[in-house]
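First comes the structure, then the notes that go with it.
Read-outs: derived from the displayed coordinates by stated rules, not from any lab. It should be emphasised that the depicted structure is a prediction, and the values quoted were computed from it without experimental measurement. Cβ placement follows ideal geometry from the backbone for every residue including glycine, while neighbour counts extend to all protein chains displayed.
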Amino acid sequence: MSDPNSVPNSDPAPSPAALTAQSPAAARMPEILRLLHAEYPDARCELDFDGPLQLLVATILSAQCTDERVNQVTPTLFARFPDARALAEADSAEVEEIIYSTGFYRNKAKNIQNAARRLVEVYGGEVPAEMDDLLTLGGVARKTANVVLGNAFGIAEGVVVDTHVKRLAGRLGLTTETTPEKIERDLMALAPRAEWVALSHLLIFHGRRVCSARKPNCPGCVISHLCPSAVL
Ligand code: SF4
């Protein structure tokens with residue numbers, strides 16, 4: 001870990017009132033979590049899905065695309081191709097047409113169908129609940145696997161690091177890393193495992209609503225007093 005501030009220590013935790021934006025990341029993290037939980041009690045995965053396969057497909061579709069847009073196409077896709085076998089055997093042109101509006105549709109269709117074929121051939125058509133198995137599916141990297149494990153299986157294997165989590169973790173001084181794998185490792189060290197799934201939801205909610213890429217609303221931010229990047 002490159003940020004010495006983010007190393008948890010055994011000192012007694014400071015009271016929330018004593019925390020500042022310059023406090024060590026490990027000391028700030030519980031209060032950041034508490035305040036974001038209070039602000040976003042309904043924070044959750046915003047992709048619509050029914051079961052692990054639908055979430056896997058929706059997550060593949062969400063690359064470079066809004067969840068709202070993905071939610072517009074998945075009902076049609078899942079009605080037409082309701083299981084892994086149907087997706088594996090589908091005419092790729094038909095899949096591409098349905099998912100066209102999510103962008104990168106050729107690549108996404110290929111990834112979805114490669115994953116579906118492997119699910120049929122190796123896993124009896126079911127999505128496996130293991131990180132190592134998920135990573136063998138076409139087009140599934142650690143972020144997608146974490147989304148599926150955390151939200152469809154309730155398994156906290158890691159922290160989802162998307163563009164919002166990456167941006168907020170940096171602004172909040174929770175990491176100095178820039179690659180998703182290293183950012184994830186730092187966040188996993190700072191937050192208790194029971195919070196790993198919620199942490200990414202909370203940061204994504206906050207990133208979408210307050211701490212946007214272009215114009216963060218620091219005066220309206222409930223964790224501004226704990227943020228070294230606050231502009232007030
Ligand atoms: S204070 Fe500003 S930069 Fe920091 S988390 Fe809040 S909105 Fe983002």
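Tabulated values for the structure
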| item | result |
| --- | --- |
| Exposure proxy ranking, count of Cβ atoms within 10 Å, fewest first, for S62, S23, S15 | S15, S23, S62 |
| Backbone N under 17 Å from the D83 label point (7 Å along Cα→Cβ), restricted to segment 112-155 | 116-128 |
| Globularity index of segment 52-152, i.e. its alpha-carbon radius of gyration over 2.2 N^0.38 Å | 0.95 |
| HN-Hα J in Hz across segment 140-155 - Karplus 6.51, -1.76, 1.60, θ = phi - 60°, x for Gly and Pro | 9, 9, 4, 4, 4, 4, 5, 4, 5, 4, x, 9, 9, 10, x, 10 |
| Gain upon complete extension [R171, A21; 0.36 nm per residue less C-alpha separation] | 52.9 nm |
| DSSP-loop trypsin sites (Lys or Arg not before Pro) across segment 62-146, with at most 12 other Cβ within 10 angstrom | none |
| Lysine pair count for the chain [Cα-Cα under 18 Å; pairs on different chains or 8 or more apart] | 5 |
| Helix-only mean residue ellipticity at 222 nm for the chain, each DSSP H run of n ≥ 4 adding -39500 (n - 2.57), per residue, nearest 500 | -16000 deg cm²/dmol |
| Per-residue ³J(HN,Hα) for segment 23-29, Karplus 6.51 cos²θ - 1.76 cosθ + 1.60, θ = phi - 60°, Hz, x for Gly and Pro | 4, x, 4, 5, 6, 6, 4 |
| Total charge dipole magnitude, segment 52-152, about the Cα centre, Cβ charges on Lys, Arg, Asp, Glu only, Debye to nearest 20 | 260 |
| Under Karplus coefficients 6.51, -1.76 and 1.60, residue-wise ³J(HN,Hα) of segment 191-197 in Hz, glycine/proline x | 10, x, 3, 4, 9, 4, 5 |
